[in-house]
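Engineer: One structure is given below, represented as structure tokens, and several questions about it will come after.
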Amino acid sequence: MANIIKQFSKQIIPFAYKLADKEQFVNQVTSSGQRIWIEKTFKTNHLFEHINQKQNANSEQCIVRALTLNDAARANYDLVGANSTILLSVRGKQSNKQLSIKLKSVSLYLFETNVAFLEYDWEYAEEKTNDYLNANYFLAELKSKENLLRVKTGKDEYREFTLESVVMPIFKTFDAVYGFDRRDGISFYDLKPILFSAVVLDQKDEDFDEILSHGAYNFKESYQTDVVKCYSPFTNSHWCGSDSAMINLSYLVDDEKTNDFFQTQFIHAARNNYFYLYLLTLNQKFTLLKRISQVSKINAKYSEINEQMLESDSTAVAKTIGKSQLYETRCNFKCPSSMNHINEFYDYARSTQKTDVFEKELQSKINSLSQIQTTYQKQLKSFKEYRQTKMLFWVFLITSFIGSITMFNSCCKIIKDLFDFTVWERLEFLSIPIILTLLFIVGIGIQVVIKYREMKRLKPNLPRKQRKDKTIK
């Protein structure tokens with residue numbers, strides 16, 4: 001059986017924040033003046049410059065701010081030091097066994113899409129792959145109170161705590177954050193970690209494929225799994241993943257240079273190049289899920305229209321389309337590097353997160369949304385034209401009535417001033433202004449009928465319930 005000689009495990013917890021942009025969140029978590037969270041960058045290579053610039057806080061292309069918890073500030077969250085050994089006691093049949101682990105770092109990644117990730121970087125002292133798989137599995141069970149962590153505080157003295165006490169104190173210091181299963185607040189039971197890990201073995205294990213498939217789903221060693229489709233850039237190195245985990249499993253061969261490469265350069269690249277690309281992929285997935293949810297809600301309100309709702313919905317539709325276009329421009333890309341094996345890893349990572357599937361679904365909804373936007377604009381225009389025509393109709397009606405009275409009085413005055421008639425003669429000639437006024441009124445009446453029909457034609461076709469109730473409850 002092969003032994004582990006190099007390894008790391010990154011536990012990634014996705015969440016979302018409501019602040020206007022990532023810089024406000026950065027200011028929130030760094031404003032104490034105690035340097036609790038400090039800037040970090042991935043030491044990447046072989047990536048195109050515009051991909052590297054996405055993590056550069058001074059670049060207009062920046063879409064993510066990376067922060068790491070200052071070791072000196074761990075006490076703020078009651079966390080042990082990076083070199084302190086933690087004993088993990090797990091539930092079930094292995095409850096009597098303790099696994100030695102260390103929490104090497106805690107990091108925060110804030111994307112401009114209002115998607116964020118909290119990362120715990122674990123290191124295990126265990127050399128057996130079964131222990132490694134079990135540690136990954138049980139550390140991801142955040143809600144379990146049977147998995148206990150213990151750290152030595154003195155001779156034969158230990159402090160005991162749960163995973164909840166490791167995670168929740170950090171979330172409680174953030175304002176306006178929520179899990180992806182709810183709109184308000186963070187529930188400990190909503191947090192679902194995603195695992196990114198890499199292992200170098202001293203030789204190829206006889207159960208190599210089984211270890212890969214367990215790592216791909218973050219299963220413990222007792223689970224039975226099927227063979228998972230993997231990406232193999234080298235004959236002794238394989239990436240294998242699902243929507244809940246990504247693992248690289250490599251092993252040493254009979255070549256000193258190759259072995260040195262996998263124990264130094266490759267493990268460094270896995271921590272930086274590959275993890276950075278994986279984070280960008282996760283941002284794509286969770287941003288797409290957010291956008292799909294937003295679009296679906298707008299579609300659901302489409303049948304409930306009145307003029308006020310059309311105004312607000314039209315703005316919301318335009319905003320959602322704009323955000324989706326901005327995501328496509330700044331966060332989505334197909335080729336991050338000039339090196340094939342990096343591009344192939346990126347394509348494989350996207351496939352494990354079903355990113356292309358979500359992109360097609362969103363694009364379909366955006367196309368529908370664009371048609372809805374056109375319909376909204378037509379309906380808004382119809383409302384405004386109807387309101388304007390209705391106002392002009394009443395203005396015309398009132399002015400015509402006033403004009404008729406004025407015309408009748410004017411005709412009577414002219415006849416009186418020009419002719420010196422007796423009272424009976426005046427009554428006879430009174431028929432002249434009456435006839436003229438009636439002809440004027442008939443002409444006006446014809447115009448009123450025409451304008452009334454035009455107003456009825458422009459009247460928006462509201463749903464039956466609205467026409468009856470006149471209001472939307």
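The values are calculated or read from the model by the stated rules, or taken from the named source; none is laboratory data. Since the structure is predicted, the reported quantities are computational estimates derived from the model, not experimental observations. Positions of Cβ are generated from backbone atoms using ideal geometry, with glycine treated the same way; all protein chains shown enter the neighbour counts. All accessible areas refer to the heavy atoms of the entire protein, side chains included, with ligands and DNA or RNA removed. Shrake-Rupley method; radii C 1.70, N 1.55, O 1.52, S 1.80 Å.
Engineer: Can you put LYS257, LYS354, LYS143 in order of accessible area, largest first, using a 1.4 Å probe?
Structural biologist: Putting LYS257, LYS354, LYS143 in descending order of accessible area: LYS257, LYS143, LYS354.
Engineer: Quick check: at a probe of 1.4 Å, how many percent of the accessible area of the range 153-254 sits on carbon and sulfur atoms?
Structural biologist: Solvent-exposed carbon and sulfur of the range 153-254 make up 44 percent of the total.
Engineer: Mind giving me the FRET efficiency for THR153 and LYS104? R0 is 22 Å, r the Cβ-Cβ distance, nearest 0.05 is fine.
Structural biologist: 0.60
Engineer: Using a 10 Å cut-off on Cβ atoms, rank the peptides 151-159, 268-276 from the highest mean neighbour count down.
Structural biologist: Highest mean packing first, the order is 268-276, 151-159.
Engineer: For SER404 and THR374, what is the calculated FRET efficiency with R₀ set at 51 Å and r taken between the beta-carbons, to the nearest 0.05?
Structural biologist: The pair SER404/THR374 has a calculated efficiency of 0.70.
Engineer: How many Å² of accessible area per residue for the range 1-159, probe 1.4 Å?
Structural biologist: For the range 1-159, the per-residue accessible area is 45 Å².
Engineer: Let me ask something additional. Given points 7 Å out from each Cα along the Cα-Cβ axis, report the SER244 to ASP356 separation in nanometres with one decimal.
Structural biologist: In this crude label model, SER244 to ASP356 measures out at 2.5 nm.
Engineer: Right, next: Please compute the per residue accessible area over the range 176-285 with all protein chains in place, 1.4 Å probe, rounded to a whole number of Å².
Structural biologist: Value returned for the range 176-285: 43 Å² of accessible area per residue.
Engineer: By how many nm would the segment from LYS143 to SER364 grow when fully extended, if each residue of separation counts as 0.36 nm and the alpha-carbon distance is taken off?
Structural biologist: Length gained, LYS143 through SER364: 75.9 nm.
Engineer: Which order do peptides 364-374, 112-122, 231-241 fall in by mean Cβ count within 10 Å, highest first?
Structural biologist: Ranking, from highest mean packing down: 112-122, 231-241, 364-374.
Engineer: Between their Cα atoms, which of LYS290/LYS319; LYS18/LYS319; LYS18/LYS323; LYS6/LYS104; LYS43/LYS172 are more than 20 Å away from each other?
Structural biologist: Correct reply: LYS43/LYS172.
Engineer: Continuing with this model, one more query. Give the residues of the range 38-73 whose amide nitrogen is closer than 17 Å to a point set 7 Å from the Cα of PHE161 in the direction of its Cβ.
Structural biologist: 69-73, by backbone N distance to the label point.
Engineer: I would also like to ask the following. So which of LYS22/LYS384; LYS297/LYS360; LYS192/LYS354 end up more than 29 Å apart, counting from Cα to Cα?
Structural biologist: Exceeds cut-off: LYS22/LYS384.
Engineer: Normalised by the residues of the range 14-142, what does the relative contact order come to in percent, with Cα pairs under 8 Å and at least six apart?
Structural biologist: It rounds to 24 percent for the range 14-142.
Engineer: Tally up the carbon and sulfur contribution to the accessible surface of the range 56-150 as a whole percent, 1.4 Å probe, everything protein left in place.
Structural biologist: 41 percent
Engineer: Gain in length, SER296 to GLN447, computed as 0.36 nm per residue apart minus the alpha-carbon separation, to one decimal in nm?
Structural biologist: Contour length minus Cα-Cα distance gives 49.7 nm.
Engineer: If you don't mind, there's one more thing I want to ask. So in the range 135-271, what percent of DSSP beta bridges are antiparallel if you round to the nearest 5?
Structural biologist: 65 percent
Engineer: Which net charge results when you count Lys and Arg as +1 and Asp and Glu as -1 among the other residues whose beta-carbon is under 9 Å from that of VAL151?
Structural biologist: Taking every other residue near VAL151 into account, the sum is +2.
Engineer: Just subtract the alpha-carbon distance of SER382 and ALA176 from 0.36 nm times their residue separation and send over the number in nm, one decimal.
Structural biologist: Stretched fully, the SER382-ALA176 segment lengthens by 70.2 nm.
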